[in-house]
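Data first, discussion second: the structure below is written as C-alpha cells.
The values are calculated or read from the model by the stated rules, or taken from the named source; none is laboratory data. It should be emphasised that the depicted structure is a prediction, and the values quoted were computed from it without experimental measurement. As a convention, Cβ positions derive from the backbone with ideal geometry for all residues, glycine included, and neighbour counts pool all protein chains shown.
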Amino acid sequence: MSPPSTAAAVPAAPAARAAAFRALFAERIAVLDGAMGSMIQTYPLEEADFRGARFAAFPHDLKGNNDLLCLTRPDLIEKIHADYFAAGADLVETNTFSSTSIGQADYKLESIVTDLNLAAVACARRAALAAEAATPGRRCFVAGAIGPLNRTLSMSPDVNRPDYRAVTWDQVVTAYTEQIRALLDAGVDALLVETIFDTLNSKAALFAIESIFDERGAAARVPVMISVTITDASGRTLSGQTIGAFYHSIRHAKPFSVGINCALGGKAMRPYVEELAKIAECYVTCYPNAGLPNAFGGYDETPADMAAVLGEFAASGFVNMVGGCCGSTPPHIAAIAQAVRPFPARPIPRPTRAMRLSGLEPLLVA
C-alpha cells in the first residue's frame with residue numbers, strides 16, 4: 001500500500017471555504033465529479049486490498065466494500081479524487097455512499113463507521129488541497145456523500161407482508177446521525193443526500209442533519225444538497241412520487257440545491273430536470289449515469305454523448321451544477337466541464353406564496 005500524498009497547500013478556514021463555495025454557484029455552473037465505483041473497478045483489486053493490515057484477520061469477506069478502501073487503500077481513493085479534479089471538477093463526493101451502520105452491516109463493520117467517514121473526507125481533502133496548490137487561486141471542494149441505504153422505510157421487502165418494514169425511523173435517523181457527525185467533524189464543505197429512491201429515508205437524513213445543526217449552532221451549518229433518482233420512464237421515484245411531489249416533500253428543509261442523479265441517462269432525465277428547474281427555489285443539479293446499463297452491466301455513453309446532453313441542459317437554463325454518476329469517468333467529466341463552460345448558471349426563480357402539499361402527486365393551492 002502506498003502512503004497518502006501530502007499537499008503543500010494549507011486548508012482555508014471553514015468560513016472562507018463556505019463563502020467560496022457559495023460564490024462558485026453564484027458565478028457559474030459548477031462541475032461535480034463522476035462515479036467512484038466505475039473508477040475503482042478499473043483497478044485489479046483483490047480481497048487483500050480491502051483488508052489491508054487492519055482487517056487481515058477479519059472473519060468476514062470484505063471484497064466489494066468500496067468505502068473500506070478509504071482505510072485500506074487511501075492512496076487509490078485519493079488518486080481517483082485527484083483525477084476528477086484534474087478533469088475539471090470543482091467538487092468531489094466523499095467515498096461514503098454506504099458508510100452508515102446499516103450499510104456496513106452486510107460486512108459486519110458497523111463499529112468502524114466513524115473511522116470510515118473521517119478517512120474518506122481526509123482522502124478527498126488531500127486531493128483538493130493538491131489541486132489547489134497546482135493551480136494557485138483555484139478552489140476545490142469536498143461534499144460529504146450520504147447514500148440512500150439498502151433498507152427502506154416506505155416499502156416492505158416481503159410481498160406477503162405489506163405492513164412489514166425491515167428498519168424503523170429511529171434506526172435510520174440514528175444511522176444517518178452517526179455518519180453526518182463524522183462528516184462534519186472531518187470538515188466537509190457540503191452535505192449531499194443523494195440517489196434518493198425513498199423520500200421517507202431522505203427525510204430521516206434531513207431530520208438528522210437539522211438536529212445536529214440545532215445542537216451545534218449556526219457556525220456548524222454547511223450547505224445541504226439533495227438529489228433524487230427517477231427509476232424509470234414513469235417519471236417517479238421507487239416509492240412512487242413525481243418530481244414535483246418530491247420537491248414539495250423536502251422543500252421545508254430549505255436545501256442549497258435539489259437535483260436528479262443516477263438511474264436514467266441524461267436524455268431520459270430531460271423532462272424531469274426541466275420541471276424541477278421551473279419550480280425549485282434553490283440551485284438545480286443533474287448528474288446522470290452514462291446511459292442505461294447494457295446487457296453486460298456496462299454503460300455505453302461516451303464523454304461526447306454525455307457532454308452533448310448536459311451542454312444542452314446548460315444552454316436551456318436548467319442547471320446550476322452538472323456531473324456524472326454510474327459509468328462516468330474523468331474523461332466524461334472533462335468533456336462535460338468544457339460543454340457547459342459557455343453558458344450562464346440557471347437563475348433562481350422568485351418564490352411564490354402558495355400552499356404546497358404532496359402525496360404521490362403534488363398539490364399547489366395558490
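Miscellaneous remarks
- Within the stretch 16-38, the residues that satisfy the criterion of being of a type in the set (Gly, Ala, Ser), in a helix (DSSP H, G or I) and farther than 16 Å from residue 256 by Cα are 16, 37, 38.
- Hits in the stretch 317-334 (condition: crowded, with 24+ Cβ neighbours inside 10 Å, part of a helix (DSSP H, G or I) and of a type in the set (A, V, I, L, M)): 333
- All positions within the stretch 217-230 that are outside any helix (DSSP H, G or I) and at negative phi: 221, 222, 223, 224, 225, 226, 227, 228, 229, 230
To keep it simple, each residue is scored yes or no on (1) in contact with a His (Cβ under 6 Å, 6 or more places away or on another chain); (2) under 23 Å from residue 120 (Cβ atoms); (3) of a type in the set (Gly, Ala, Ser).
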{"site": "137", "(1), (2), (3)": "no, no, yes"}
{"site": "142", "(1), (2), (3)": "no, yes, no"}
{"site": "147", "(1), (2), (3)": "no, yes, yes"}
{"site": "154", "(1), (2), (3)": "no, no, yes"}
{"site": "166", "(1), (2), (3)": "no, no, yes"}
{"site": "171", "(1), (2), (3)": "no, yes, no"}
{"site": "175", "(1), (2), (3)": "no, yes, yes"}
{"site": "180", "(1), (2), (3)": "no, yes, no"}
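- Within the stretch 249-271, being buried (at least 21 other Cβ atoms within 10 Å of the Cβ) and either farther than 21 Å from residue 143 by Cα or modelled with pLDDT under 95 (or both) holds for 249, 262, 263, 264, 265, 266, 269.
- Positions within the stretch 79-136 being among the hydroxyl-bearing types (Ser, Thr, Tyr) and in contact (Cβ under 8 Å) with a residue 12 or more places away in the chain, in sequence order: 84, 94, 96, 98, 99, 100, 101, 107, 114
- For the stretch 38-72, taking the residues that are touching a residue at least 60 places away in the same chain (Cβ under 8 Å) and touching a Phe, Trp or Tyr at 6+ places or on another chain (Cβ under 8 Å), the one that is nearest to residue 118 (Cα to Cα) is identified as 72.
- When each of 55, 25 is tested for being surrounded by 16 or more Cβ atoms within 10 Å (Cβ to Cβ), of a type in the set (Phe, Trp, Tyr), over 25 Å from residue 322 (Cβ atoms) and at pLDDT 95 or above, the lone residue that passes is 55.
- Residue match in the stretch 75-92 (condition: surrounded by 22 or more Cβ atoms within 10 Å (Cβ to Cβ), acidic (Asp, Glu), within 23 Å of residue 174 (Cα to Cα) and within 19 Å of the chain's Cα centre (by Cα)): no
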